[in-house]
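Structure, as structure tokens:
The values are calculated or read from the model by the stated rules, or taken from the named source; none is laboratory data. As the structure is a computational prediction, the values presented were derived from the model and not from experiment. Cβ atoms come from the backbone with ideal geometry, glycine included; neighbour counts cover every protein chain shown.
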Amino acid sequence: MVDKIKVENLSCCYNKKCVLDSLNINVIQNEILSIIGPANSGKTTFLRTLNRMNDLDVTYLRKGEVYLDNDNIFNMNMENLRKRVGMLFAMPIPLPMSIYENIIYAPKRLGLILKKSEQDAIVEQALRDASLWNEVKDRLDSSAMKMSGGQQQRLCIARILAINPEVILFDEPCSGLDPISTAKVEESMIELKQKYTIVLVTNNVKQASRVGDRTAFFLMGNLIEIDKTDKLFISPKERQTEDYITGRFG
Amino acid sequence: MIKLSPKLSQKLSYSILFLATILAIVPVVVIIFTIIKNGASAITWDFLTSMPKDGMRTGGILPAVLGTFSIVTCAISITLPIGVFAAIYLNEYTRNNLLTRIIKLAIVNLAGVPSVVYGLFGLGIFVMFLKLGVSVIAGALTLSIMELPVIITTARGALNSVPYSFREASLSLGVSRWQTIRHIVLPNALPGILTGTILSIARISGETAPILFTASVFYVPHLPHSIFDQVMTLPYHLYIVSTQIPNMPKKIIFGTALVLLIMVLTISFMAIIARIYFRKHRKW
Amino acid sequence: MRKIIDTVIETVIFICAILSIIFVVLIFGFLFKEGFAFFKDFGITKFITGKFWNPSSNPALFGILPLIVGSTLVTVGACVIAVPIGVMTALYISEIAPKGIRDILKSLVELMAAIPSVVIGFVGMITLVPFVRIFFNIPTGLTAFSGSIMLAFMAMPTIVTISEDAIRSVPWHYKEGAFALGATKWQTIRRIVLKAAMPGIIAAIMLGIGRVIGETMAVMMITGNAAHIPDSIFEPVRTMTATIAAEMGETVRGDMHYKALFAIGLVLFVITFIVNFIADLFLGKSKNK
């Protein structure tokens, strides 16, 4: 049980309105950590801090440290960090280009591949790992904007896999999807944890119970409780956690 | 005063507004119609491709056409990259801070400077101070500064139209900021930038005051062959033949005006076509 | 490698961005340098309040009062014509015109902006000028009045387009409230829409004025270019812009006359700076709504 990510005393504010209050949490290698909590609990802010997407926002202020394999991520080069920690957004965001180009876009820019034969191999592998290969192998050159929502979200997963990250962050990845597409994304998530460490933020308590190895409950910028998923769902220690997972608020 | 019923007063007001609209449009139609009607017969192949003769009173306008073409080409190739880069800085690299506010104020100010003042400035800095002389390049530099605020404003609009999520997606993959701009933002903003650029080309083709003392001269007996040449230009030529030469045949004046008008309107029309085309083939 | 390219490009981008500031400073600097030298030699009060502009007399006279009067007269005249017509046109296009012809009307108004000012000046010279001379039975049609008419139409696209934007951005619920009280559409437009769109309309007018003050070629071709203080708008006048454009060719580079024209440029620069600054303030106000 090795800690992949260690968070120490992390506080985050936007325009002096604080959404996270001295958070301490760890993420174990090759686990799926689900984070649940009502709106404004700070869970998305937490996720976006892990690959420093929040740094784009000038009103964002942060205190505390985050370590990835003992390297402080705030001392790391931003691009290197994001290469190691990929992120999947709530809404699928395919780039306006073909399926094939979507996959090789980042590896090309990062200088990971040079030869055409390598490209083909990477595209196929990434699409297979995201269980999309069979659906799109005959139309790799068609526009990614024309795929269905579920396919687009899995394409976005494939795009992350192509740069071979260590951690993947999922930000409510199924909020816009139908139940069948959701099931497919969840399936690939469970397969992916063999190779990657996964942090999943979700509004869907059931989803957390289905895929999470451990689950953390956030409320108003505080970590209320974190435990093995079955333990947290069957016998939560805190009253607030119980209220939330049984649907009494949120 | 008679009190009108609301219904009647509405009818009356609408008619007045309609008349005002007609009044606003009539001059455009009159101008275009007058020029076409009187100038069409002057346009011959010979008129477009020969030198002016007999103190401009016969012959063609070739050197003026080529002069305008060379100045506009130079000006746009200078102003386009600068304008697009400046727009990228304002849109992609910073949010509101003191520096960007000063830059924006400078842009607003540049946009309002009268064209003849640009002419003065061009004369002072390019012709005299940098010793470029009255030349294509001095005129082009002057025009390029004049057009800079327009290019920056349209380029910013085009950059803004690219969804923010594309940038986020690209950055989240570890792609650097500039690479994101270069490979995602710019290609998708290109249609808007292109349309704006074509409109700018149309606008500066017809400008006279900025090149009055920086590039244009009354008459040059040969075609332009270097950017350090002084040249004849179409708008200045029209000014000359319509005001400075006594007993000028009307046909030549109208012909010159028509060529200038067709040139400017055709380019503007191309921009409109381009805009419609790009809107239809939008990728997102 | 990626890092190096990024740093180089980002430096270039930054330089391009601050070029706008540099250009404004340079423009002001060059105008100021020549203009200041002129003020020192000739005297700034004599320049501003002098009633005679005659560079070739002995001693040369550089009083820009007649030019300021010329510019002001033409500008005010143009506004009197362009503002009501422009705002009414904007109202018609945005609120009343049937959808089908709205875009056609708009493009026709904007078409005026695409026509080069020498072309407009030339057509004015051969149509408007003789008409004014015959209609008012005056010795010449090259008058401030003709110039005002021509400039009014040149300012029209600016006034109409920006006013129309402002009118169209008036929130729907403003109108809804008035309709609910039983007001007719016209009453709503007059009392509610016009009032709410006012900052944008003022900005449009200011930008139109900026355009009129700076206009050169058409004015030079139509207003007759007589540098004296006129008794009425049916006399020839000469504007500041036309003076620069017409006389720069005759000057010896660096002499008093040359510097005097730069001093006029400086005055123009300051005036347009103020006008555009005010316009920008109102634009910001109208957008914040």
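I'd like to know if segment B:59-74 contains one or more residues that are under 19 Å from C:Leu19 (Cβ atoms), within 9 Å of another protein chain (Cβ to nearest Cβ) and at pLDDT 90 or above. For segment B:59-74, residues under 19 Å from C:Leu19 (Cβ atoms), within 9 Å of another protein chain (Cβ to nearest Cβ) and at pLDDT 90 or above: absent.
Do we have A:Leu177 as surrounded by fewer than 19 Cβ atoms within 10 Å (Cβ to Cβ), free of Cβ contacts under 8 Å to residues at least 60 places away in the same chain and in a loop (DSSP other than H, G, I, E, B) here? Here the answer is no, as A:Leu177 does not meet what is asked. Considering segment C:246-278, and only residues there that are within 8 Å of chain B (Cβ to nearest Cβ) and under 16 Å from the mean Cα position of the chain (by Cα), the residue that is surrounded by the most Cβ atoms within 10 Å (Cβ to Cβ) turns out to be C:Gly265. Residues in segment B:124-145 that are at the interface with chain C (Cβ under 7 Å from one of its Cβ atoms), more than 21 Å from B:Ala202 (Cα to Cα) and among the aliphatic types (A, V, I, L, M): B:Ile125, B:Met128.
Selection over segment A:150-202 of residues that are small (Gly, Ala, Ser), in contact with a Pro (Cβ under 9 Å, 6 or more places away or on another chain) and farther than 27 Å from A:Gly111 by Cβ gives a count of 2. Among the conditions (1) on the phi > 0 side of the Ramachandran plot; (2) over 19 Å from the mean Cα position of the chain (by Cα), C:Leu194 misses just one, which is (1). Taking (1) surrounded by 15 or more Cβ atoms within 10 Å (Cβ to Cβ); (2) part of a helix (DSSP H, G or I) in turn, A:Lys206 satisfies each apart from (1). Of the candidates B:Thr44, B:Thr49, B:Thr68, the single residue that is in contact (Cβ under 8 Å) with a residue 12 or more places away in the chain and surrounded by fewer than 15 Cβ atoms within 10 Å (Cβ to Cβ) is B:Thr49. Restricting attention to segment B:233-284, the residues that are farther than 16 Å from C:Met125 by Cβ, aliphatic (A, V, I, L, M) and surrounded by 13 or more Cβ atoms within 10 Å (Cβ to Cβ) add up to 11. Identification of helices (runs of 4 or more DSSP H) wholly contained in segment B:149-242 with 3 or more residues that are closer than 20 Å to B:Leu265 by Cα and either over 16 Å from the mean Cα position of the chain (by Cα) or within 10 Å of chain C (Cβ to nearest Cβ) (or both) yields B:186-205, B:234-239.
Applying the criterion of being surrounded by 15 or more Cβ atoms within 10 Å (Cβ to Cβ) and more than 18 Å from B:Val117 (Cβ to Cβ) to the residues of segment C:20-51, the residue that is nearest to the other protein chains (Cβ to nearest Cβ) is C:Phe42. Residue-level analysis places B:Ser5 outside the set of residues that are more than 9 Å from chain C (Cβ to nearest Cβ) and modelled with pLDDT of 90 or more.
Looking only at segment B:114-123, filter to residues that are of a type in the set (Gly, Ala, Ser) and more than 7 Å from chain C (Cβ to nearest Cβ); which one of those is farthest from B:Pro210 (Cα to Cα)? Break it down stepwise before answering.
Applying the first criterion (of a type in the set (Gly, Ala, Ser)) to segment B:114-123 yields B:115, B:119, B:122.
Remaining after also requiring more than 7 Å from chain C (Cβ to nearest Cβ): B:119, B:122.
Numbers: B:Gly119: 4, B:Gly122: 7 Å.
So, considering only residues that are of a type in the set (Gly, Ala, Ser) and more than 7 Å from chain C (Cβ to nearest Cβ), the one farthest from B:Pro210 (Cα to Cα) is B:Gly122.
Restricting segment B:97-113 to residues that are without any contact (Cβ under 8 Å) to a residue 40 or more places away in the chain and facing chain C (nearest Cβ under 7 Å) leaves a set whose member that is surrounded by the most Cβ atoms within 10 Å (Cβ to Cβ) is B:Val113. Candidates are the residues of segment A:68-120 that are farther than 21 Å from A:Phe170 by Cβ and among the hydroxyl-bearing types (Ser, Thr, Tyr); the one that is farthest from the other protein chains (Cβ to nearest Cβ) is A:Ser117.
Restricting to segment C:94-106, count the residues that are part of a helix (DSSP H, G or I) and either exposed (fewer than 13 other Cβ atoms within 10 Å of the Cβ) or at the interface with chain B (Cβ under 7 Å from one of its Cβ atoms) (or both). So that I can check it myself, show each step before the final result.
First, pick out the residues of segment C:94-106 that are part of a helix (DSSP H, G or I): C:94-96, C:99-106.
If we keep only those that are either exposed (fewer than 13 other Cβ atoms within 10 Å of the Cβ) or at the interface with chain B (Cβ under 7 Å from one of its Cβ atoms) (or both) too, we end up with C:96, C:99-101, C:103-105.
Residues that pass the stated criteria total 7.
Go through segment C:245-263 residue by residue and tally those that are in contact (Cβ under 8 Å) with a residue 40 or more places away in the chain and more than 19 Å from B:Ile211 (Cβ to Cβ). The qualifying residues number 5. Looking only at residues that are of a type in the set (A, V, I, L, M) and not in a loop (DSSP other than H, G, I, E, B) in segment B:243-256, which one is nearest to the other protein chains (Cβ to nearest Cβ)? In this case the residue turns out to be B:Ile253. Listed by first and then second residue, the pairs with beta-carbon distance under 6 Å, at least 6 apart or on different chains, first residue in segment C:180-202 and within 14 Å of chain B (Cβ to nearest Cβ), second surrounded by fewer than 17 Cβ atoms within 10 Å (Cβ to Cβ), are C:Thr184/B:Pro6. Among the residues of segment A:145-153, not a single one is surrounded by fewer than 18 Cβ atoms within 10 Å (Cβ to Cβ), within 12 Å of chain B (Cβ to nearest Cβ) and under 27 Å from A:Asp3 (Cα atoms).
Within segment B:261-281, can one find any residue that is of a type in the set (Gly, Ala, Ser), over 25 Å from B:Pro81 (Cβ atoms), part of a helix (DSSP H, G or I) and at the interface with another protein chain (Cβ under 9 Å from one of its Cβ atoms)? Lay out the reasoning, then the answer.
Applying the first criterion (of a type in the set (Gly, Ala, Ser)) to segment B:261-281 yields B:268, B:271, B:274.
Keeping just the survivors that are over 25 Å from B:Pro81 (Cβ atoms) gives none.
The answer is no; no qualifying residue exists.
Within the option set C:Phe23, C:Phe36, being of a type in the set (Phe, Trp, Tyr) and modelled with pLDDT of 95 or more holds for one residue only, C:Phe23.
Residues to consider are C:Phe62, C:Phe122; find the one that is crowded, with 17+ Cβ neighbours inside 10 Å, more than 24 Å from B:Ile31 (Cβ to Cβ) and of a type in the set (Phe, Trp, Tyr).
Numbers: C:Phe122 fails: more than 24 Å from B:Ile31 (Cβ to Cβ).
Answer to the selection: C:Phe62.
Among helices (runs of 4 or more DSSP H) lying entirely in segment C:120-231, which contain 2 or more residues that are closer than 24 Å to B:Val116 by Cα? Give the steps one after another, and end with the answer.
Working: elements: C:129-136, C:144-168, C:172-180, C:185-188, C:198-214, C:217-222.
Per the criteria, C:144-168, C:198-214, C:217-222.
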